[in-house]
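See below for the structure under consideration.
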Amino acid sequence: MEASSCDEFGIMKAETAKTLRAFAIELVIYAVLVVAYFFLVLHFLGESLHRLEQTHRYGYAGITLLLMMGQAVLLQNVTTYLLRLIRGRSE
Amino acid sequence: MFFPISDAHISPLYLVLVGFVIGILGGFFGVGGSFIAGPALRVVGLDWNFAVGTDLAHIVGKSVVAVRQHRAFGNVDLRLGMIMAIGTVTGAEVGAQLIQIFKRAGNVNLVVSVVSIAVYLSISSFMIWESRKSLAAKKPMPPASAHGAKRDHSAFMHVTRAIQRLKMPPMIELPTSGVTISLWVILLVAFVGGLFSGFLGGGAGYIRMPSMVYVLGIPTHLAVGTDLFEIIISASYGTLTHAIKGNVDILIALVMHTGAAIGAQIGAILTQYFAGPKIRLAFVPLPLLGAAIVVYTLFSGHKW
């Protein structure tokens with residue numbers, strides 16, 4: 001009985017360690033992607049969004065909402081894919 | 001990094017970190033986190049109007065991520081969220097009108113400060129009492145309903161049941177939450193949440209999430225997920241109106257959201273490891289933190 005609970009604890013510990021390792025790798029890859037995103041996408045988008053905000057406020061409001069939701073869906077898919085990929089590789 | 005829309009220089013790393021922290025809190029507790037984001041943006045020199053509008057835009061993105069995660073766990077009641085959105089938007093408009101009345105009377109800061117401190121302290125005290133009582137009772141988790149809805153134990157359940165027995169038609173059946181309740185009770189809860197949102201600012205998740213648990217009888221995990229869904233609708237409305245008024249720097253919101261996206265997922269996943277009363281007990285410091293910020297601004301005269 002005691003031996004089986006020890007085994008269970010060991011399996012849980014190994015599972016947690018694996019999850020944390022996968023998560024740490026995911027964070028590093030995610031950070032690299034985010035830095036690239038800042039310098040490429042936002043750099044190019046910045047000026048045109050600024051101009052749109054100055055000239056077409058209603059258009060800017062709509063684009064704001066679309067960009068925010070689009071980025072949310074994109075980033076979630078990226079993180080989910082990364083986590084699945086890393087966990088899949090480590091198994 | 002220079003943000004041309006708000007004409008501000010802010011470190012992107014700082015924005016990502018703030019977003020990450022707020023993302024975890026939002027995903028775990030179902031709150032927007034504006035009581036942290038507002039001051040955090042003000043402290044780096046962003047104008048107050050931009051801090052409010054930009055925070056709302058970032059809340060939309062963060063809530064989309066958290067809701068998708070919560071939905072995968074079956075923690076979102078879409079029907080309840082849609083109904084609540086109607087009451088919330090109406091309440092927010094009334095709250096904003098109240099602000100205008102107090103502004104004209106010249107005592108808006110004092111009134112809002114006193115009301116918010118009283119509300120925050122009441123919520124925290126009540127939730128400490130209730131969640132500790134629920135945890136001390138050590139009752140086994142009630143089984144899922146016939147529809148497979150999650151159930152929760154609360155020391156306030158006798159009052160919740162009495163509210164659910166009020167037969168004021170139309171009665172709304174919420175199979176996902178395992179609750180049948182009067183439409184008017186749902187609208188009233190949402191209206192009060194919206195009222196505080198318009199009056200005190202932010203998404204008012206600190207009021208809506210506990211109200212959904214204690215008044216409507218929604219299980220805590222579902223209350224968190226559904227509150228976030230409802231926040232998407234109300235924060236989108238707020239983002240549009242603020243963007244039209246020129247109060248949103250979308251570039252700052254996008255950068256903040258890169259941290260929030262991952263934080264919100266962590267927060268949502270963490271809820272799976274905690275029982276309802278434990279989530280409610282862990283929630284207690286949030287309104288207290290809000291109260292502390294208001295007390296600080298009241299006595300220091302520092303306007304965040």
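Once the C-beta distance of B:V111 and B:E173 is scaled by a Förster radius of 45 Å, the resulting FRET efficiency is 0.70 to the nearest 0.05. In µm²/s, what is D for chain B at 20 °C and 1.002 mPa s, where D = kT/(6 pi eta Rh) by Stokes-Einstein and Rh is the Kirkwood radius from Cα pairs? The Stokes-Einstein estimate is 110 µm²/s.
In the protein assembly as shown, inverting the average of 1/r over every pair of distinct C-alpha atoms gives 21.9 Å as the Kirkwood radius.
Peptides B:78-86, B:9-17, A:55-63 ranked from most to least packed, by the mean per-residue count of other Cβ atoms within 10 Å: B:78-86, B:9-17, A:55-63. Taking the alpha-carbon centroid of each part, what is the distance from segment B:1-29 to segment B:266-280 in angstrom? Cα centroid to Cα centroid, the span is 24 Å.
Among B:V115, B:V224, B:V60, the largest mean-square fluctuation in a Gaussian network model of chain B, built with springs joining Cα atoms closer than 10 Å, belongs to B:V115.
Compared with the alpha-carbon gap, the fully stretched path from B:L270 to B:F299 is longer by 6.8 nm at 0.36 nm per residue. The Stokes-Einstein estimate for segment B:181-304, based on a Kirkwood radius over Cα pairs and taken at 4 °C with 1.567 mPa s viscosity, is a diffusion coefficient of 79 µm²/s. Amide H contacts of B:S182 (H built 1.01 Å from N, in plane; Pro and chain starts excluded): B:M168, B:I172 sit under 5 Å, all sequence-distant by 5 or more or on other chains. Karplus-based coupling profile of segment A:47-58, in residue order and whole Hz: 5, 5, 5, 4, 5, 4, 5, 6, 9, 10, 4, 5, with θ = phi - 60° in 6.51 cos²θ - 1.76 cosθ + 1.60 and x standing for Gly or Pro.
Which FRET efficiency value, to the nearest 0.05, do you get for A:Q54 and B:S11 by plugging their Cβ-Cβ distance into 1/(1 + (r/R0)^6) with R0 = 30 Å? Walk me through the numbers on the way to the answer.
Numbers: r = 25 Å, r/R0 = 0.84.
Here the calculated transfer efficiency is 0.75.
Taking the C-alpha atoms only, the angle from helix B:220-244 to the longest principal axis of chain B is near 30 degrees. Taking 0.36 nm per residue of separation and subtracting the Cα-Cα distance, full extension of the segment from B:R71 to B:V43 would add 6.6 nm. Between B:A118 and B:I244, the contour length at 0.36 nm per residue exceeds the Cα-Cα span by 42.0 nm. Helix B:250-271 and the longest principal axis of the Cα set of chain B meet at an angle near 30°.
Taking the square roots of five times each eigenvalue of the Cα gyration tensor of segment B:57-110, the equivalent ellipsoid has semi-axes of 33, 14, 7 Å, listed largest first. Normalised radius of gyration (Cα atoms, divided by 2.2 N^0.38 Å) for segment B:7-99: 1.22.
Each value in this text was obtained by applying a stated rule to the coordinates, not by laboratory testing. Just so we're clear, the structure is a prediction, and the values are computed from it rather than from any experiment. With ideal geometry, Cβ positions are generated from the backbone for all residues, glycine too; neighbour counts draw on all protein chains shown.
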